[in-house]
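The values are calculated or read from the model by the stated rules, or taken from the named source; none is laboratory data. Owing to the predicted nature of the structure, the values given are computational and were not obtained by experimental measurement. Neighbour counts are summed over all protein chains in view; Cβ atoms, including those assigned to glycine, are modelled from backbone coordinates with ideal geometry. Just so you know, the surface numbers come from the protein's heavy atoms only, side chains and all, with ligands and any DNA or RNA stripped out. Shrake-Rupley method; radii C 1.70, N 1.55, O 1.52, S 1.80 Å.
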Amino acid sequence: MKEGIIKDIYEVVIREIQLVLSLFYLLIVAVGMVFNYFKYNKFGINIFQYADVFDFLIAPFEDFRIIGFTLLSVFLTSVFLLLDVFWKNKFPESYSRFNFGWDKKKWFNLWFRFPAFLLLMIFYFNITADIYGESTSDRIKGSEDIELIFMDKSVKKGKAIGKTREVFFLLDGKDVLAVPLSSNVKFIKTNP
């Protein structure tokens, strides 16, 4: 029975591979956007003013902790979903009492149970993104200073926050500098 279901799912995925890849692409961009937002927001930067879609697409692959935190969110939600299924199968009376008997209604799974778990996943995702932003902020503040050497030979020291394709963000004491890379930076020296 399960083998037939798996085979059917596999055939649907193969037929709809373009849709699956497009959805996967959108998911990666969304993950990159959320985690980058929380990272840069800790420094008062609205990253959406500086970044383009490609910056968000590569974010999960620049820092694999993003993938780890995302998987943690999915894992925690899956554990609660499995516990819910276990509770419903092993103790149906208490499960029904806890859900006010709504679990016997046709609309319960489609309009309550699965949306509740989807909201739980989004909630965990936001919590882990905030934890990621906080830990990244602490790591940046504790890192070594770098030097930006400009075309006119002037030097600016600070801590590297990150960069987009066109802007480099530098923490100079308590000030955050957004330095356009295309105009005046000669090179970035990471070992002063």
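There is at least one residue in the range 28-47 that is in contact with a strand residue (DSSP E or B) (Cβ under 9 Å, 6 or more places away or on another chain), within 23 Å of Phe125 (Cα to Cα) and surrounded by fewer than 12 Cβ atoms within 10 Å (Cβ to Cβ).
Cβ-Cβ contacts under 8 Å between residues 6 or more apart (or on different chains), taken from a first residue in the range 36-53 that is farther than 18 Å from Thr128 by Cβ and of a type in the set (Gly, Ala, Ser) to a second residue that is open to solvent by 30 Å² or more (accessible area, probe 1.4 Å) and assigned to a loop (DSSP other than H, G, I, E, B), are listed as Ala51/Arg165.
For the range 90-103, the criterion of a residue being hydrophobic (A, V, I, L, M, F, W, C) and part of a helix (DSSP H, G or I) is satisfied by at least one position. Quick check on the range 1-35: of everything there that is of a type in the set (Phe, Trp, Tyr) and free of Cβ contacts under 8 Å to residues at least 24 places away in the same chain, which residue is nearest to Lys159 (Cα to Cα)? Filtering first and then ranking leaves Phe24. Here the range 136-170 is the region considered, the condition is being among the small types (Gly, Ala, Ser) and touching a helix residue (DSSP H, G or I) at 6+ places or on another chain (Cβ under 8 Å), and the residue that is modelled with the highest pLDDT is Ser137.
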